[in-house]
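K.L.:
I'd like to ask some things about the structure below.
The values are calculated or read from the model by the stated rules, or taken from the named source; none is laboratory data. Just so it is clear, the structure is predicted and the values come from calculations on it, not from any experiment. Cβ placement follows ideal geometry from the backbone for every residue including glycine, while neighbour counts extend to all protein chains displayed. To get the accessible areas, we keep the full protein, side chains included, count just its heavy atoms, and leave off ligands, DNA and RNA. Shrake-Rupley method; radii C 1.70, N 1.55, O 1.52, S 1.80 Å.
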Amino acid sequence: MPGRESMPSTLDRSPEEAQRTWIEAHDSAVETYGEGERAHRTAFAALKHSFEKVGDHWEPKQQRGPSDKQAARGADSRSGDTAGGVDANASKEHLYELAKKLDVKGRSSMTKKELVNAVERANDKKTAKARNR
């Protein structure tokens, strides 16, 4: 299935460049691995190098690179948790600003890890709400 047809709804609400990154990575992965979960994981890995999930869409990252420990290990590694599109390698200040933008309560007393988790939960809520519209 071509990338445009299997693109997640969060990318429909994202910049064209994010959509193009997903589609190109997905279609290339389908040629290599066939359609399925591996092609989707590969497309997300490519997307997360340049974009981070903010609420119900993806926005360009301040700095390119892996978004979490799982992404840094590479595409062939299946074990480990991801941060659900949150750039866990970003500074605490950046994560705080995202939490503020997403109206996360209690953000001022959170550790960096807690901010990552709180932003991930807030993103999931916004995405679910956007899908139910």
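K.L.:
Given the criterion touching a strand residue (DSSP E or B) at 6+ places or on another chain (Cβ under 6 Å) and either at negative phi or not in a helix (DSSP H, G or I) (or both), identify the matching residue among S28, S14. First the steps, then the outcome.
P.N.:
On the way: S28 fails: touching a strand residue (DSSP E or B) at 6+ places or on another chain (Cβ under 6 Å).
Among S28, S14, only S14 is touching a strand residue (DSSP E or B) at 6+ places or on another chain (Cβ under 6 Å) and either at negative phi or not in a helix (DSSP H, G or I) (or both).
K.L.:
Follow-up question, since we're still on this one. I'm told G85 meets every condition in (1) open to solvent by 30 Å² or more (accessible area, probe 1.4 Å); (2) under 26 Å from R41 (Cβ atoms) except one. Can you identify the failing condition by its number?
P.N.:
Tallying (1) open to solvent by 30 Å² or more (accessible area, probe 1.4 Å); (2) under 26 Å from R41 (Cβ atoms), G85 fails exactly one: (1).
K.L.:
Would you mention how many residues in segment 93-116 are open to solvent by less than 90 Å² (accessible area, probe 1.4 Å), outside any loop (DSSP other than H, G, I, E, B) and in contact (Cβ under 8 Å) with a residue 12 or more places away in the chain?
P.N.:
Going through segment 93-116 one residue at a time, the tally reaches 8.
K.L.:
Can you tell me which residue within segment 11-32, out of those that are among the small types (G, A, S) and surrounded by 18 or more Cβ atoms within 10 Å (Cβ to Cβ), is farthest from A45 (Cα to Cα)? Even if it seems obvious, please write down each step before you answer.
P.N.:
Kept after step one, since they are among the small types (G, A, S), are these residues of segment 11-32: 14, 18, 25, 28-29.
Now restrict to residues that are surrounded by 18 or more Cβ atoms within 10 Å (Cβ to Cβ): 14, 18, 25, 29.
Details: S14: 16, A18: 12, A25: 9, A29: 11 Å.
Top of the filtered list is S14.
K.L.:
Let me ask another. Any residue that is of a type outside the set (A, V, I, L, M, F, W, C), in a strand (DSSP E or B), closer than 22 Å to D124 by Cα and touching a residue at least 24 places away in the same chain (Cβ under 8 Å) - is there at least one of those in segment 45-52? Let's see the steps before the verdict.
P.N.:
As a first pass, look at segment 45-52 and keep what is of a type outside the set (A, V, I, L, M, F, W, C): 48-50, 52.
Of the ones still in play, those that are also in a strand (DSSP E or B) are 52.
From what is left, the residues that are closer than 22 Å to D124 by Cα are 52.
Applying the additional criterion that residues be touching a residue at least 24 places away in the same chain (Cβ under 8 Å) yields 52.
Yes, that holds for at least one residue.
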